[in-house]
Amino acid sequence: MLTNRILYRLSRSAEPVGQQAAAGTVTAADCGLLLIRLTFGLLMAGHGAQKLFGLFGGRGLTATGQGFAALGYRPGKLFAAIGGLSEFLGGLGLACGLLIPLAAAALIGVMINAMATVTVVHGLWDTEGGVEYNVCIAVVALGIAAIGPGRLAVDRFFRWGSGGWSEAAVALGLGGVAAAVTLSL
């Protein structure tokens, strides 16, 4: 009985049992999630803007498309646009706390593709060009989908706004399926 109550309370809140905030109260966890979402989301949106628009020292869509074509993506410009939009819109979604499972799925899918086509042959560590950076991005996106975006997010008004197993499964499943489809083309 006690175990069921504890599990129920834990499933209702990302905060430890006994430290749950009153309804409407912004907690340190909410502010922490906002900080992670803003930093991570805006950096990912900026990374996508480099590909799409040539901002922040990026190469722009045409040059990025040539790079994608060299990796075997045909047509390269189309796949560069898909990758750039996934990073740009996924990053903005995380930053705003909007449609978190879909935003996370977009980033997870792009990172799986990056790992499979570019970084996996270089091992783990980023200093050697390995998968470290891509794994970190995918795990943070998945973690936010699982935890939920917190109270300082647009998604707080929707059912999926509290995170959970199903939201994490949607993010990982859609990201994985999109990556598999892209890699098979």
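Brief remarks follow.
- In the stretch 113-133, the qualifying residues are those that are polar (S, T, N, Q) and out of contact with any Asp or Glu (no Cβ under 9 Å at 6 or more places or on another chain), and the one that is surrounded by the fewest Cβ atoms within 10 Å (Cβ to Cβ) is Thr127.
- Within the stretch 167-176, at least one residue is within 23 Å of Ala69 (Cα to Cα) and either open to solvent by less than 60 Å² (accessible area, probe 1.4 Å) or among the basic types (Lys, Arg) (or both).
- Some residue of the stretch 112-128 being under 17 Å from Leu172 (Cα atoms), free of Cβ contacts under 8 Å to residues at least 60 places away in the same chain and in contact with a helix residue (DSSP H, G or I) (Cβ under 9 Å, 6 or more places away or on another chain): yes
- Filtered residue count, the stretch 132-185, keeping only those that are within 25 Å of Gly72 (Cβ to Cβ) and of a type in the set (S, T, N, Q): 3
- Scan of the stretch 148-161 for residues that are in contact (Cβ under 8 Å) with a residue 40 or more places away in the chain and not acidic (Asp, Glu), ordered by number: Gly148, Pro149, Gly150, Arg151, Leu152, Ala153, Val154, Arg156, Trp160, Gly161
- Among the helices (runs of 4 or more DSSP H) confined to the stretch 21-106, the ones with at least 1 residues that are closer than 21 Å to Gly164 by Cβ and open to solvent by less than 70 Å² (accessible area, probe 1.4 Å) are located at 28-53, 76-96.
- Residue within the stretch 132-147 that is of a type in the set (Val, Ile, Thr), closer than 25 Å to Ala69 by Cβ and touching a residue at least 24 places away in the same chain (Cβ under 8 Å) present: yes
- Enumeration of residues in the stretch 24-56 that are modelled with pLDDT of 95 or more and at positive phi: Gly54, Phe56
- Residue count for the stretch 90-114 satisfying the condition of being of a type in the set (Gly, Ala, Ser) and closer than 21 Å to Val131 by Cβ: 7.
The values are calculated or read from the model by the stated rules, or taken from the named source; none is laboratory data. Everything numeric in this text was worked out from a predicted model, so none of it was measured. Ideal geometry is used to build each Cβ from the backbone, glycine not excepted, and the neighbour counts take in all protein chains shown. The area values use the complete protein model at the heavy-atom level, side chains included, leaving out ligands, DNA and RNA. Shrake-Rupley method; radii C 1.70, N 1.55, O 1.52, S 1.80 Å.
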